Number of protein chains: 2
Amino acid sequence: MASKKIFLSEDEIPRQWYNILADIKMNPPLGPDGNPIGPDSLAPVFPMNLIEQEVSTERWITIPDEVLDVLTVWRPSPLVRARGLEKALGTPAHIYYKNESVSPPGSHKPNTAVAQAYYNKEFGIKKITTETGAGQWGSALAYACAQFGLECKVFMVRVSFDQKPYRKTMMAAWGGICIPSPSDQTKAGREALAKDPDTPGSLGIAISEAIESAVTDETGQTRYSLGSVLNHVMLHQTIIGLEAKKQLEKVGEYPDIIIGCAGGGSNFAGLSFPFVYDKINGRQIDIYPVEPMGCPTMTKAPFVYDHGDTARYTPLLPMHSLGHAFVPPPFHAGGLRYHGMAPTVSQLICEGVIEPRSVSQLKTFEAGITFARSEGIIPAPESNHAIAAVIEEANKAREEGREKVILFNLSGHGLLDLNGYERFFAGELSDIALSDDEIKAAETVFAEFPKPQVLKHG
Amino acid sequence: MASKKIFLSEDEIPRQWYNILADIKMNPPLGPDGNPIGPDSLAPVFPMNLIEQEVSTERWITIPDEVLDVLTVWRPSPLVRARGLEKALGTPAHIYYKNESVSPPGSHKPNTAVAQAYYNKEFGIKKITTETGAGQWGSALAYACAQFGLECKVFMVRVSFDQKPYRKTMMAAWGGICIPSPSDQTKAGREALAKDPDTPGSLGIAISEAIESAVTDETGQTRYSLGSVLNHVMLHQTIIGLEAKKQLEKVGEYPDIIIGCAGGGSNFAGLSFPFVYDKINGRQIDIYPVEPMGCPTMTKAPFVYDHGDTARYTPLLPMHSLGHAFVPPPFHAGGLRYHGMAPTVSQLICEGVIEPRSVSQLKTFEAGITFARSEGIIPAPESNHAIAAVIEEANKAREEGREKVILFNLSGHGLLDLNGYERFFAGELSDIALSDDEIKAAETVFAEFPKPQVLKHG
């Protein structure tokens, strides 16, 4: 038997997260006055223990036992040698994927949802609000809140809410409440509806609604939670890459290429940051975050200061951004429909440590079908972006006759996204790309903001 | 950290299946003339290597490496201590569940689908036909066929096909073809439609269609595959119980009570048969298969000889049966809508080794919600039947103040069954039970058949 899955024992589970802020320099978040903000200004939005993690520069942060207790229901997640895919492509490359789809909500998202629910609970919070795109994040937070006895309210981007009728039911099964965004429950939502009653919605709008809903709760016991972008979210996801490193060691391999899809950046960061540490310290690896052509934040948008949400409730963050008012077209990868990108990921792009790519919608579904038939797992439409890039690299390795080691993150399964596959099979999907004019138009919203500095690690 | 999941290393994966036919006596299957049939008469339906397994009385049968290569993508499946559920119920019982939902198709079904696809491939078969109720089995076989390059055609019971629009897409993602049954593609289907054009369909009818579709294929390279009931299916599923035994040993526990839902019997048998072996050899365990009140095969129907399908293509099998013409009411646990029960499970019921129970639909969904909130996994409606019985036993342990060890099988997740949960939340579901008159009426179909003998092990 040549097992495809690489095992880790209970003793080998990482007990600390890796914090990339120890190893790179970052532009600080700015307040409305253009000056760096302190932790206190975030206190109405997040519990202080998470704010401390957000700004920490300690390289290793201990994972609380209570968090590991929940994570180990499915962790360590399988690292699988994709022998079926290799065979289907006829490539000499060794392809490995980290299978994050085995978590109860079906994606990598609970890695941080569980941690965030725990820290909120510790801080005495009773209720968490959030937004969700594809629904993976909202489901994960509803799940995590159920584990710690917290209430959960999720604003779901309307186009995804309509595409995936069962996401709401899934959250309800865990006791969470899910409403389509923009809604009439918040000022931000009402403004978005007034502007365009038929808007497909966007993560930017949904974030505004969720923040507003948290900070206006008069009990003071509600906080907001973000499923990507922020430093502490990236931190919590590094358990993926830390496990993968140990698993690859067991079979004597080290990746030449690392690939992850990136919407806000968290699954990509989770897999890649522990290897970015090696790269910063001299190791040669090609690291590719992959985004949709319909929302080309990393590949087409500038590195600027911009808000994380449409109503401009968040501080100004240093990131690649298509503009906080940008509403991405309604393609079938809701988790990648975000105007910005995690500041840490953006910083690494600026430094040339990682190299972003974009792919078109049809190619991603084709890649997903190839993967489903050869490896057996039906991927989330988001994950298909990574797979499309993996197939490209594996084909290149075949042409070059090189036995490259490719590692990628299977961020989630597509069992709640079969509507997208159905439309793909029916020939109803098309490629969606932004024109340069559309991108230029979107950028006007941050023209007046301060510009981030050019920083370099080391 | 007190991990809830009990780990097994790669070396500890079972390399042999346990065959209960070595330890119990069985009435033989009979042909149309009422005489026992030989292996040859099954040759048009199944490949000979699987027929040999069907009749083998070897206690241990080696699992081929090619099968383990695929199974280890997700196996060993997690054995999880349900501390959340224990806490929610306030019970001193130790509750453990085997989480079979982590397989790519989301249930225990691929344990045998992969084995059957392998043996068919080995025998030179190119295409497999089958039926499916809830869709778990059809999905699993489509998945398995994709792993071995076989074609797959699935007849899906119409009521489930309509309840779960995405099952078809899921099978299509793996290259399988799924059509609602009864269909106009077979004589058996056309007869069922002529009798009742609005029939919800049944597993009995779908089996007839799938068998007919296989045996009438003139290439001779098509065979039929059954996802439950038969001896070789139970055999392949025993990997569940064999793993569970090793996992429980690691934490120094042994079950007082074992519970699984049972439609055709395969997930129940898979978990319990390795423990039935212990019970036959003197160990005290309570073993409960659980079925819906809407299809009370084990608890209300007699042990008889009957056909496994509506069109009477199968041999006569010794089993508890509501009659091969019985069309169960359309409750939301399609995998349990079967008129018969596995002959091995039926035999153990007759001997009093296992004790069947039934539960009502609403109670099963309530149990599923309790489990989802406390343990995090949204169960398949079928698995909810097991959970309802577990909750009953855990509550009894609390009343008695006894620290009982309860082991059950979480046969699958409910992510493709959220429609049922949605209807439950909306108050649209009701309890469905069969009246004694309905049961009596169904039984007339086997009145003329030979009667099985009363047999006893040892």
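The values are calculated or read from the model by the stated rules, or taken from the named source; none is laboratory data. All values derive from a computational prediction rather than experimental measurement. Neighbour counts are summed over all protein chains in view; Cβ atoms, including those assigned to glycine, are modelled from backbone coordinates with ideal geometry. Please note that ligands, DNA and RNA were not included when accessible areas were found on the heavy atoms of the full protein model with its side chains. Shrake-Rupley method; radii C 1.70, N 1.55, O 1.52, S 1.80 Å.
Counting only protein heavy atoms and a 1.4 Å probe, chain B has 32 square angstrom of accessible area per residue.
Taking the centroid of alpha carbons for each part, region A:414-436 and region A:182-235 are 26 Å apart.
Each label was represented as a point 7 Å from its Cα along the Cα-to-Cβ direction; for B:PHE123 and B:ASN395 these points are 4.7 nm apart. Diffusion coefficient (Stokes-Einstein, Kirkwood radius over C-alpha pairs, 25 °C, 0.890 mPa s) for region B:323-437: 156 µm²/s, rounded to a whole number. For region A:237-311, the relative contact order comes to 33 percent (Cα pairs under 8 Å, sequence separation of at least 6). Around the Cα centre of region B:308-458, unit charges on the Cβ atoms of Lys, Arg, Asp and Glu (plus for the first two, minus for the last two) sum to a dipole of about 300 debye. Under the criterion of Cα pairs below 8 Å and six or more residues apart, the relative contact order for chain B equals 20 percent. Rounded to the nearest Hz, the phi-derived 3J(HN,Hα) couplings of region B:54-69 under the Karplus curve 6.51 cos²θ - 1.76 cosθ + 1.60 (θ = phi - 60°) are 4, 9, 5, 10, 5, 5, 10, 10, 5, 7, x, 4, 5, 6, 4, 4, where x marks glycine and proline. Quick one: if the Förster radius is 30 Å, what FRET efficiency do B:ALA426 and B:LYS195 give, using the C-beta to C-beta distance and rounding to 0.05? Efficiency at R0 = 30 Å is approximately 0.40. What does the buried accessible surface come to for B and A, summed over both chains, with the probe at 1.4 Å? Round to 100 Å². Its buried surface, counting both partners, is about 4300 Å². For A:LYS153, the lysines whose Cα comes closer than 23 Å to its Cα, not counting residues fewer than 8 places off in the same chain, are A:LYS109, A:LYS121, A:LYS126, A:LYS127, A:LYS164, A:LYS168, A:LYS187. With every protein chain in place and a 1.4 angstrom probe, the accessible-area ranking of B:GLU382, A:GLU52, largest first, reads A:GLU52, B:GLU382.
Residue ranking by accessible heavy-atom surface, 1.4 Å probe, largest first, among B:GLU393, A:GLU403 comes out as A:GLU403, B:GLU393. Find the centroid of the Cα atoms in region A:102-125 and in region A:332-407, then give the distance between the two in whole Å. Rounded to whole Å, the Cα centres lie 26 Å apart. Measuring from each cysteine beta-carbon in the protein assembly as shown, the ones with no other cysteine beta-carbon under 4.7 angstrom are A:CYS178, A:CYS261, A:CYS295, A:CYS350, B:CYS178, B:CYS261, B:CYS295, B:CYS350.
Computed over protein heavy atoms with a 1.4 angstrom probe, the accessible surface ordering of A:TRP60, A:TRP17, largest first, is A:TRP60, A:TRP17. Taking the charge dipole of region B:376-439 about its Cα centre, with +1 at Lys and Arg Cβ atoms and -1 at Asp and Glu Cβ atoms, the residue from B:ASN419, B:SER435, B:VAL390 reaching farthest to the positive side is B:VAL390.
Counting protein heavy atoms only, region B:331-398 has 48 percent of its accessible area on carbon and sulfur, 1.4 angstrom probe. Neighbouring Cβ atoms from other chains, within 10 Å of the Cβ of residues in B:103-109, number 3 on average.
Highest mean packing comes first when the peptides B:222-234, A:168-180 are listed by Cβ atoms within 10 Å, giving B:222-234, A:168-180. Burial of accessible area (probe 1.4 Å, heavy atoms of protein chains only) in region A:412-451, relative to its chain alone, reaches at least 40 Å² for A:LEU415, A:LEU418, A:GLU422, A:PHE425. Which percent of the accessible area of region B:181-327 is formed by carbon and sulfur heavy atoms (probe 1.4 angstrom)? Carbon plus sulfur share of accessible area: 47 percent.
By the rule of a C-alpha distance below 25 Å, with chain neighbours fewer than 8 residues away ignored, the lysines paired with A:LYS404 are A:LYS4, A:LYS5, A:LYS87, A:LYS98, A:LYS245, A:LYS246, A:LYS250, A:LYS279, A:LYS363, A:LYS396. Given a 1.4 angstrom probe, I'd like the percentage of the accessible area of region B:64-104 that is carbon and sulfur, rounded to a whole number. Heavy-atom surface of region B:64-104 belonging to carbon and sulfur, 1.4 Å probe: 47 percent. For peptide A:68-76, the mean count of partner chain Cβ atoms within 10 Å of a residue's Cβ comes to 5. Across peptide B:369-375, the mean count of Cβ atoms from other chains lying within 10 Å of each residue's own Cβ comes to 4.
The angle between the Cα long axis of helix B:110-122 and the main principal axis of chain B comes to about 40°, on a 0 to 90 degree scale.
Only beta bridges with both residues in the protein assembly as shown are counted; by DSSP, about 35 percent of them are antiparallel.
So which chymotrypsin sites (Phe, Trp or Tyr not before Pro) in region A:385-458 pass both tests, a DSSP loop state and at most 15 other Cβ atoms within 10 Å of the Cβ? Answer by residue number: there is no such site.
Give the angle, between 0 and 90 degrees and rounded to the nearest 10, that separates the Cα long axis of helix A:203-215 from the longest principal axis of the Cα atoms of chain A. Taking the Cα atoms of chain A, the angle to A:203-215 is about 50 degrees.
Put simply, chain B fits an ellipsoid with semi-axes of 31, 24, 23 Å; these come from the alpha carbon gyration tensor as the roots of five times its eigenvalues, largest first.
Compute the long axis of helix A:381-400 from its Cα atoms, compare it with the longest principal axis of the Cα atoms of chain A, and write down the angle in degrees, 0 to 90, nearest 10. Tilt relative to chain A: about 30 degrees.
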